[in-house]
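All remarks here apply to the structure that follows.
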Amino acid sequence: MKRITGFLLALTMIFSVFCSVRAENTAGSEDAQLLKGLGIYDSDQISDTITRADFAEIIVRLLGVDESSLPEPQKQVFTDVGLDHPKVKVINYLFQRGVMLGHEDASFKPDNELTCREAAKILVSVLGYTEFSEVNGGYYTGYLLSAENAGILKGVNVGTSDKIDTGNLAIMIVNTMQAPVMTTDYKDGNINISTDKDIIMMEKYLNIGKYNGVVEGYSDTSLESSGTDYGKSNAKIGGVIFRVGEMDLSDWVGMSVTAYYRDNDGEYELVYLKDKKNTVAELSSNDIESATLSEVKYFRSEESSKTSTFKIASDAIFLYNGKRVLMVSKEDLTPAIGSVKLIDNDSDGYAEVVVIKEYKEYAVKTLIAKDETVVTKNNKGTLDLSEDKIRANFFTDGDVADFSAITPKSILNIAKSKDDTDAIWNIYITNEQVEGVVKSFINDEDKSVLLDDGNEYKFSGELVKYIEENKKYNPATDKYEYELEYPTVGNSYTFSLNKDGDVADFEIMSSGRKYAYVVKNWLDDEQENRYIKMFTSAGEMATYKMADKISFNGKKTESANISIDNYQIVVYDINDNEELTKLRTAEDRTSDAMSTVSGDEFAMHYKSTETIKDGAVVYSSMRFYKNFAENYPYYFVNNETICFQVPNDKTKDADYSLLRKL
């Protein structure tokens, strides 16, 4: 009788069912992602079952074999797998290797759905445990014993006689990849079976290694120092540099991981990362109740006032907007807009790494594309975002972008590191607007509006701060007067949202602007009432009396005291008494060659021309209002553009006309 030595397993008992099926088929999603990353198989629906033929194809990839390199079969092996079967090459190959031998009636049953114990038997055979399994009971008890002892069934949540879903199958495959391979030697009539724990299946067949460590740095973010830069394609994990290719490890810095990699002649290529028992709290600014340098208290949910506490290690490393900082303040841990991520990477109950992201918010007023310069609203000045001024990364909708993604009405959330000499600017561009009628304005600690579509939108902290800081108390009325008024119930507005979906800017929607060309304006004989004569965008010459107080360029003014030049286009409005109540003149931006106009702005470019007509020099001019484009010196005119044709003799009312592009 042959004697087995070297690898001994203690047989205690065999369970026909290792554990019950979970109510939700979420098992193995992380392992399925690993297998997808390795190119072994892709399963978008991890609850689906799998056929024996499909599993044969997976096993061939698991063995590191290229299916295209397999020879064309010359002989039919199984009665139900003909030479024209799409999987015949992989099925015959596994038969020759003794991995999938089929049934006693010489059939393979390729379309049968795979059971858990069938998968266990095949994976045990891949590891080389066939001899041992046969001696200890064969199929299926001996193979299940081997699978249990090799760790193949660890974490599997399905009965061994049941059909296995691809999520639980992913768990079994990944467990197999990390199990030691058994070798069998025949000597002097004996079988010597041995395993080397240092030689695991994925290293032998796939050239995939596994390494545990903390992600210490990626690209220009490092736990070591603010000046360390690994480059876009490198990361440091547990003291070892890995090439990461297109993988983005930004959110992994500071976390303990299992890294799967290929060793390419001493250069380590990262294939996949797996979380290794980190405890992480990623808190938005609204989640944080209070913070000190030793702990952060945060609300457990949006609906709850109950708090939890995350303690911070005394030697914790702090990253602020992508760069390590040696000192932080309590204010840094409670950003107005942003987040705080606390990472306990060694399960001691304390955060070893704290990642702070704080954003400054800007609503775009205009931009100059040529210079990559943005003019912002609410007294926040001009931003020069050109390459020669800053190191900038642009993002929009989660994707890498550039300056061209910025438009008038864009909201910019900018995270800037504290190192002024080598600062990094991460610029998040949001071009999302919502329109609607305000049904109610919630004026509590968190200002918000409820629109007619039933959705509620919270105001960003920076917008509320600007509105509140720029209000003035008027003792005459015993009320506050706002430079920027909160939205009024019943009016329609356009709301621009930031990266978190909060309102960062808003403007009232006009029901249709009225434009006119000013021909004449004057005070009456008593010097009390001002009148204005205009050729309107309705094609009519009209004269209006101004109301005693009108909105002139956005400010309430006594109409008798205003000064307005004739021969220009204006925006106006009148009341039910046919009195002019609003007048706005255009801002002259003729010298601003690459500007754009947004929102309720009203601007003008002036262009004069000189032609020869009948031997004489004729001068004319064009003034472009409102929407001149970035493509200066060109101006775009469509069938919605209102063109006022003004006669040389401006006293001839009948010669004024409107033109439209057909």
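The values are calculated or read from the model by the stated rules, or taken from the named source; none is laboratory data. What you are looking at is a predicted structure, and each value in this text was computed from that prediction instead of being measured. FYI the Cβ positions are ideal-geometry reconstructions off the backbone, even for glycines, and counts take in every protein chain you see. All accessible areas refer to the heavy atoms of the entire protein, side chains included, with ligands and DNA or RNA removed. Shrake-Rupley method; radii C 1.70, N 1.55, O 1.52, S 1.80 Å.
Among the candidates Glu445, Glu435, which residue alone is in contact (Cβ under 8 Å) with a residue 40 or more places away in the chain and open to solvent by 20 Å² or more (accessible area, probe 1.4 Å)?
Details: Glu445 fails: in contact (Cβ under 8 Å) with a residue 40 or more places away in the chain.
Result of the check over Glu445, Glu435: Glu435.
Condition first: among the small types (Gly, Ala, Ser) and either surrounded by fewer than 16 Cβ atoms within 10 Å (Cβ to Cβ) or at pLDDT below 90 (or both). Can you find one or more residues in region 171-179 that meet it? Within region 171-179, not a single residue is among the small types (Gly, Ala, Ser) and either surrounded by fewer than 16 Cβ atoms within 10 Å (Cβ to Cβ) or at pLDDT below 90 (or both). Output the residue which, of all residues in region 319-334 that are open to solvent by less than 30 Å² (accessible area, probe 1.4 Å) and either acidic (Asp, Glu) or over 21 Å from the mean Cα position of the chain (by Cα) (or both), is nearest to Val257 (Cα to Cα). Among those residues, the one meeting the criterion is Val325. Within region 463-489, residues that are among the hydroxyl-bearing types (Ser, Thr, Tyr) sit with their Cβ atoms under 8 Å from residues that are in a loop (DSSP other than H, G, I, E, B) and surrounded by 11 or more Cβ atoms within 10 Å (Cβ to Cβ), at 6+ positions apart or across chains, in these pairs: Tyr466/Asn378; Tyr466/Leu484; Tyr482/Asn470; Tyr486/Lys447. Selection over region 531-545 of residues that are hydrophobic (A, V, I, L, M, F, W, C) and open to solvent by 50 Å² or more (accessible area, probe 1.4 Å) gives a count of 2.
Looking at Lys380, Lys389, can you tell me which residue is more than 28 Å from Tyr486 (Cβ to Cβ) and not in a strand (DSSP E or B)?
Working: Lys380 fails: more than 28 Å from Tyr486 (Cβ to Cβ).
After applying the criteria, what remains is Lys389.
Could you please let me know if Ile288 is open to solvent by less than 70 Å² (accessible area, probe 1.4 Å), farther than 19 Å from Glu216 by Cβ and of a type in the set (Val, Ile, Thr)? For Ile288, the condition - open to solvent by less than 70 Å² (accessible area, probe 1.4 Å), farther than 19 Å from Glu216 by Cβ and of a type in the set (Val, Ile, Thr) - is met. Considering region 243-258, the residues that are of a type in the set (Gly, Ala, Ser) and farther than 17 Å from Lys210 by Cα include one that is surrounded by the most Cβ atoms within 10 Å (Cβ to Cβ), namely Gly254. Taking strands (runs of 3 or more DSSP E) as the structural unit, those lying wholly within region 260-303 and holding at least 2 residues that are more than 25 Å from the chain's Cα centre (by Cα) correspond to 267-275, 288-291, 295-299. Only one entry in Lys323, Lys306, Lys297, Lys311 is modelled with pLDDT of 95 or more, more than 21 Å from Lys277 (Cβ to Cβ) and not acidic (Asp, Glu), namely Lys297.
Inside region 76-96, can you point out the residues that are touching a Leu at 6+ places or on another chain (Cβ under 8 Å) and either part of a loop (DSSP other than H, G, I, E, B) or among the basic types (Lys, Arg) (or both)? Result: Gln76, Lys89. Test Gly554 against the stated conditions and say whether it is out of contact with any Pro (no Cβ under 9 Å at 6 or more places or on another chain), in contact (Cβ under 8 Å) with a residue 40 or more places away in the chain and on the phi > 0 side of the Ramachandran plot. Answer is no for this residue. Residues being without any contact (Cβ under 8 Å) to a residue 40 or more places away in the chain, out of contact with any helix residue (DSSP H, G or I) (no Cβ under 6 Å at 6 or more places or on another chain), of a type in the set (A, V, I, L, M) and open to solvent by 50 Å² or more (accessible area, probe 1.4 Å) are entirely absent from region 299-314. Report whether or not Tyr466 is in a helix (DSSP H, G or I) and among the aromatic types (Phe, Trp, Tyr). Against the criterion (in a helix (DSSP H, G or I) and among the aromatic types (Phe, Trp, Tyr)), Tyr466 qualifies. Which number in (1) at pLDDT below 90; (2) touching a Lys or Arg at 6+ places or on another chain (Cβ under 6 Å) marks the one condition that Ser194 misses? Here Ser194 clears every test but (2).
Report, by residue number, each residue of region 433-447 that is acidic (Asp, Glu) and under 26 Å from the mean Cα position of the chain (by Cα).
Passing the criteria: Glu435, Asp446.
For region 130-155, name all the residues that are open to solvent by less than 10 Å² (accessible area, probe 1.4 Å) and either small (Gly, Ala, Ser) or in a loop (DSSP other than H, G, I, E, B) (or both). Within region 130-155, Ser133, Gly138, Gly142, Ser146, Ala147, Ile152 qualify.
Flag: Lys365 matches the condition of being assigned to a strand (DSSP E or B) and either within 28 Å of Ile406 (Cβ to Cβ) or open to solvent by 20 Å² or more (accessible area, probe 1.4 Å) (or both). Restricting attention to region 197-243 and to residues that are among the hydrophobic types (A, V, I, L, M, F, W, C) and under 30 Å from Val126 (Cα atoms), the residue that is modelled with the highest pLDDT turns out to be Phe242. Against the numbered list (1) within 33 Å of the chain's Cα centre (by Cα); (2) modelled with pLDDT of 95 or more, Ile152 comes up short only at (1).
Residues checked against (1) open to solvent by 20 Å² or more (accessible area, probe 1.4 Å); (2) among the β-branched types (Val, Ile, Thr):
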| position | (1), (2) |
| --- | --- |
| Ile390 | yes, yes |
| Asn393 | yes, no |
| Asp399 | yes, no |
| Ile406 | no, yes |
| Lys409 | yes, no |
| Ile424 | no, yes |
| Tyr428 | yes, no |
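Restricted to region 335-362, and to residues there that are open to solvent by less than 60 Å² (accessible area, probe 1.4 Å) and polar (S, T, N, Q), the residue that is modelled with the highest pLDDT is Asn345. Answer with yes or no whether Asp548 is open to solvent by 50 Å² or more (accessible area, probe 1.4 Å) and touching a residue at least 40 places away in the same chain (Cβ under 8 Å). Considered against the rule, which asks whether it is open to solvent by 50 Å² or more (accessible area, probe 1.4 Å) and touching a residue at least 40 places away in the same chain (Cβ under 8 Å), Asp548 comes out as no. Comparison of Gly231, Gly213, Gly238 shows that the only residue that is over 23 Å from the mean Cα position of the chain (by Cα) and loosely packed, with under 15 Cβ neighbours inside 10 Å is Gly238.
Table: residues versus (1) in contact with a Ser or Thr (Cβ under 6 Å, 6 or more places away or on another chain); (2) surrounded by fewer than 15 Cβ atoms within 10 Å (Cβ to Cβ); (3) hydroxyl-bearing (Ser, Thr, Tyr); (4) modelled with pLDDT of 85 or more.
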site: Ala23; (1), (2), (3), (4): no, yes, no, no
site: Tyr41; (1), (2), (3), (4): no, no, yes, no
site: Gln45; (1), (2), (3), (4): no, yes, no, no
site: Thr51; (1), (2), (3), (4): no, no, yes, yes
site: Asp54; (1), (2), (3), (4): no, no, no, yes
site: Arg61; (1), (2), (3), (4): no, no, no, yes
